[in-house]
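To keep things clear, I will list the structure first and then write my remarks on it.
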Amino acid sequence: MLKWLKCIFNIINFIMNFFIKSKLIPKNPIKELSFDLKRPFLYVLPYRSYMDLFTLRYQCKCIGLPDPFDKNIIKKKKLPSYIFIDDKSYIFSYLLSLYKMDSVKIFISYLDLHFKNKNLNVQLLPVSVMFGRSPGRESHLTIPILKFLNKVQKFFSIIWLGRDTFIRFSPIVSLSQIAKKYGTDKIITKKLIRVARIHYSRQRLASIGPKLPIRQDLFNKILKSNIIKKVMSDEAKVKKINILKVQKQAKKILKEIAANFSYETIRITDRVLSWTWNRFYQGIHVNHIERVRKLAQDGYEIIYIPSHRSHMDYLLLSYILYHQGLVPPHIIAGNNLNFWPIGNIFRRLGAFFIRRSFGYNKLYSIIFREYLNELFFRGYSVEFFIEGKRSRTGRLLDPKTGTLSMTIQGILNSDTRVISIVPIYIGYENVLEVSTYSKELKGATKKKEGFFLMLKALLKLKNLGQGYVNFGKPILLNQYLDIHVPKWRKSINSFVYHRPIWLNIVSSKLAYKIMTHINNAAALNAINLCSIILLSSFQRALTREELIEQIECYLKIFKNIPYSQYITIPNKNAKLILEDALLSKKFHIERDNIGDIIFLSRNNAVFMTYYRNNIIHLIALPALVSSIIIYYNGNIKISVIKYQTNLIYPFLKAELFMRYQRKELHKIIEIIINELKKQKIIFLKKEEQSFIINPNRLRLLQTLASSIKEILQRYAITLSLLSNQSVYNRLILEKQSQILAHRLSILYGINSPEFFDKSIFSKLIDTLMKEKYVNRKGNLLVTNNISSLYKVISKLISFEIYLIIKNSKYFIKN
């Protein structure tokens, strides 16, 4: 580069650095996209812009990538390190032509070199630079903006949006493979450039999204749809009122529902949230986002379905997606959040509000469905919480299928929509609302959301530890329907007015699959790991050495028996994990002359059950196998363990949304047993195919088994009631199970608030019906199989608990 030109570049670089602060997507491209720094790079940008190139140059120097202005020297031939796909220049074209080489010629030169030198492999690196990410508004005006004004527009974009700049790196493309596959023909080169233009166009749409509609035009379009016209007409006839009054009511409903998305509000909120996360969280960990980026770029309309544990969830997810180069979604929010001033702010962030219940309001239901369909039609991503409300126990709640059914109906009305559902696990080391949840589970009335309640919560913000956002395995909705309803495509457009008869069944199955995929992406952390161990320990206490040993045991189980490829495990040893947990001040330390005892106080234990419940599904099966081994003192054959596990597992699977199918159980049980042998917790008697428990590591096995003791105790309560009668009223059974569980929690000091939750007993009864232990014909008819199941489970609970359940059930009956 000429010295005078280099001097000018440095001056421009200095000025631009003052105005521009760019964010990288992904955050660490060298590591995440596996760049090889030993091989040369050819940067590919979508259109000629030296402002973009200077911005890229600065970040390349910061992260250790080669300078785009440094030429590649290959076989004594100097070639530029960058090319522009759109190489046209509309201002100062003559001056620029003195310093530039045609991009097509550069590309052909690189391909020629690769064709002649088989060992050469230059890395083609597509990069795009975005100054701000406003999609703009739809307009009736069609006057084209002159191309040269884009340069002026770019200048003002830098001034106004320079500190909101995104540099997006795409995966490397091998020039060697291109040369081998396509040769060096100029026509092929131009075809590849056209493919690159499509790539950048899709990437821009994935990052910025479609243009936003003028709100009133959107309202007019929805209200003029045939189905809403018909419903309004029916409403006027049934209620015998003027059609104009119904139309006015419909407009009011639509205004109550609809979002009012604003890019400027997104930008301002991003500043506030960036400060919030940095101030109160020690880190936000994002995993498996790359699959979602690919889906967005491949043209899928994305539905984000996260777990719901805190009001922080929707703010955190939108923030994460925005910083990962994806469009913040439109969010279905409960109308309890539609209060001043939060309601208006949330609308501008993409929230649209839904009533808790539609009741029999058909007009409201159809308007909401048509609004949702319109969002899909325009290509917006959508987010909703399938649980319907925040989990008060830390477990996933039973899914509500209403919105999911509407989504499926939306596809049935058009064959052009390709939708992907992305389940998301959101976890925290400190959930703000945990103490409130505990009170509500004990009977306290839920406080209505409002400005002053929100302000009070904000003033209590303190160190919230780590946050985790794990993206689970996507579910391609069209493919799912192809498998479960093979002929659904033949019925496209025929379900505008009527629900298909299979919709409820398919929605329920799909909802369960989504919940399972959320749990498959769970995040293990120091808090939930230490919580599950101490809550399973005698008197909720262990010495420091014992706790470290137990953490090591669990880490080996999670690593050697991977529950799912989507779960995340701390990349630290047991000692460091314990130190992280102690920093939270949730655990107490008692010191004496012998050493440290780490324990949970009774009050804290109640709160910590929430964090334990986040990951209870990951340890449930090893805990069940351990419980069986302990009862028989190891003197049991593997075939018996498999039989008993097979009896109990369907109830764990239904309650905890576990992923294993029954046909997989035998193999998983063998893997669990082998892991216990590997850790020298048990030894195998080869001649008898039974076990000896290592007395020196018995505590590890007991603590592991105790992880699910409360679940088994609940099962024993309901089964003990059923074992005495041949017919039972379902509502009475649920109520009596709840009373017995509450009594047991007081007598035996069980800390879990969900232990006597009526909904959990209801789920248990549903599974008993599904597994044919009881038949539903008015009342519950108890089958003979119930006694064999009760016999197995009653052996796995302590004798004291068994006696309390046995004696109490007669008290209830009488």
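The values are calculated or read from the model by the stated rules, or taken from the named source; none is laboratory data. Worth saying up front: this structure is predicted, and the values here are computed from it rather than measured. Cβ sites come from the backbone with ideal geometry, for glycine too, and all protein chains shown count toward neighbours. Just so you know, the surface numbers come from the protein's heavy atoms only, side chains and all, with ligands and any DNA or RNA stripped out. Shrake-Rupley method; radii C 1.70, N 1.55, O 1.52, S 1.80 Å.
A few notes on this one:
- Tyr82 passes every criterion in (1) under 20 Å from Gln324 (Cβ atoms); (2) surrounded by 15 or more Cβ atoms within 10 Å (Cβ to Cβ) apart from (1).
- Residue among Glu264, Glu256, Glu235 that alone is surrounded by 13 or more Cβ atoms within 10 Å (Cβ to Cβ) and out of contact with any strand residue (DSSP E or B) (no Cβ under 9 Å at 6 or more places or on another chain): Glu235
- As a summary of the residue check, Ala179 satisfies the conditions (1) modelled with pLDDT of 85 or more; (2) buried (at least 18 other Cβ atoms within 10 Å of the Cβ) except for the one numbered (1).
- Matching residues, the range 241-281, being of a type in the set (Lys, Arg) and closer than 21 Å to Leu337 by Cα: Lys251, Lys252, Lys255
- Residues of the range 23-56 classified as of a type in the set (S, T, N, Q), in contact (Cβ under 8 Å) with a residue 40 or more places away in the chain and open to solvent by 20 Å² or more (accessible area, probe 1.4 Å), total: 1
- Condition check for Leu576: more than 29 Å from Lys770 (Cβ to Cβ), among the aliphatic types (A, V, I, L, M) and crowded, with 21+ Cβ neighbours inside 10 Å: no
- Answer from Ile615, Ile619, Ile630 - the residue that is open to solvent by 10 Å² or more (accessible area, probe 1.4 Å), in contact with a helix residue (DSSP H, G or I) (Cβ under 7 Å, 6 or more places away or on another chain) and either assigned to a helix (DSSP H, G or I) or without any contact (Cβ under 8 Å) to a residue 24 or more places away in the chain (or both): Ile630
Residues are listed down the side, and each one gets a yes or a no for (1) within 15 Å of Phe131 (Cα to Cα); (2) more than 37 Å from the chain's Cα centre (by Cα); (3) assigned to a loop (DSSP other than H, G, I, E, B):
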| residue | (1), (2), (3) |
| --- | --- |
| Leu42 | no, no, no |
| Pro46 | yes, no, no |
| Asp52 | yes, no, no |
| Cys62 | no, no, no |
| Pro66 | no, no, yes |
| Ile85 | no, no, no |
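- Some residue of the range 669-680 being part of a helix (DSSP H, G or I), without any contact (Cβ under 8 Å) to a residue 12 or more places away in the chain and either touching a Gly at 6+ places or on another chain (Cβ under 6 Å) or under 25 Å from Leu529 (Cβ atoms) (or both): yes
- Inspection of the range 345-357 finds a residue satisfying the criterion of being open to solvent by 40 Å² or more (accessible area, probe 1.4 Å), under 23 Å from Glu449 (Cα atoms) and free of Cβ contacts under 8 Å to residues at least 12 places away in the same chain.
- Scan of the range 656-676 for residues that are open to solvent by 20 Å² or more (accessible area, probe 1.4 Å) and either among the basic types (Lys, Arg) or within 25 Å of the chain's Cα centre (by Cα) (or both), ordered by number: Arg659, Gln661, Arg662, Lys663, Lys667
- A count restricted to the range 105-143 and to residues that are open to solvent by less than 60 Å² (accessible area, probe 1.4 Å) and modelled with pLDDT under 80 stands at 1.
- Contact annotation: residue pairs with Cβ atoms under 7 Å, 6 or more positions apart or on different chains, pairing a residue in the range 531-553 that is at positive phi with a partner that is among the aliphatic types (A, V, I, L, M), are Arg540/Leu534; Arg540/Leu600; Arg540/Ala605.
- Residue check, Ile569 touching a residue at least 12 places away in the same chain (Cβ under 8 Å), touching a Leu at 6+ places or on another chain (Cβ under 9 Å) and over 20 Å from Ile711 (Cα atoms): yes
- Of all residues making up the range 591-612, the number that are open to solvent by 40 Å² or more (accessible area, probe 1.4 Å) and closer than 19 Å to Ile548 by Cβ: 5
- Looking across Glu675, Glu670, Glu710, Glu688, one residue alone is at pLDDT 95 or above, at negative phi and not β-branched (Val, Ile, Thr). It is Glu675.
- Flag for Glu552 being more than 28 Å from the chain's Cα centre (by Cα), surrounded by fewer than 23 Cβ atoms within 10 Å (Cβ to Cβ), part of a helix (DSSP H, G or I) and not aliphatic (A, V, I, L, M): no
- Those residues of the range 300-322 which are of a type in the set (D, E, K, R) and over 20 Å from Pro399 (Cα atoms), in sequence order: Glu301
- Assessment of the range 161-175 against the conditions (at pLDDT 70 or above, open to solvent by 30 Å² or more (accessible area, probe 1.4 Å), touching a helix residue (DSSP H, G or I) at 6+ places or on another chain (Cβ under 8 Å) and not in a loop (DSSP other than H, G, I, E, B)) yields at least one matching residue.
- Members of the range 208-222 that are out of contact with any helix residue (DSSP H, G or I) (no Cβ under 6 Å at 6 or more places or on another chain) and either open to solvent by 20 Å² or more (accessible area, probe 1.4 Å) or part of a helix (DSSP H, G or I) (or both): Ile208, Lys211, Ile214, Arg215, Gln216, Asp217, Leu218, Asn220, Lys221
- When the criteria are applied in full, Asn478 meets the requirement of being farther than 24 Å from Thr609 by Cβ, out of contact with any His (no Cβ under 8 Å at 6 or more places or on another chain) and modelled with pLDDT under 95.
- Enumeration of residues in the range 680-705 that are of a type in the set (A, V, I, L, M) and open to solvent by 50 Å² or more (accessible area, probe 1.4 Å): Leu684, Ile692, Leu698
- Hits in the range 267-296 (condition: within 21 Å of Leu477 (Cα to Cα), open to solvent by 30 Å² or more (accessible area, probe 1.4 Å) and more than 15 Å from the chain's Cα centre (by Cα)): Lys294
- Failed condition for Leu205, given (1) closer than 18 Å to Arg133 by Cβ; (2) open to solvent by less than 90 Å² (accessible area, probe 1.4 Å): (2)
Table: residues versus (1) at pLDDT 90 or above; (2) closer than 26 Å to Phe377 by Cα.
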position	(1), (2)
Ala206	no, yes
Pro210	no, yes
Gln216	no, yes
Leu223	yes, yes
Ile228	yes, yes
Ala236	yes, no
Lys245	yes, no
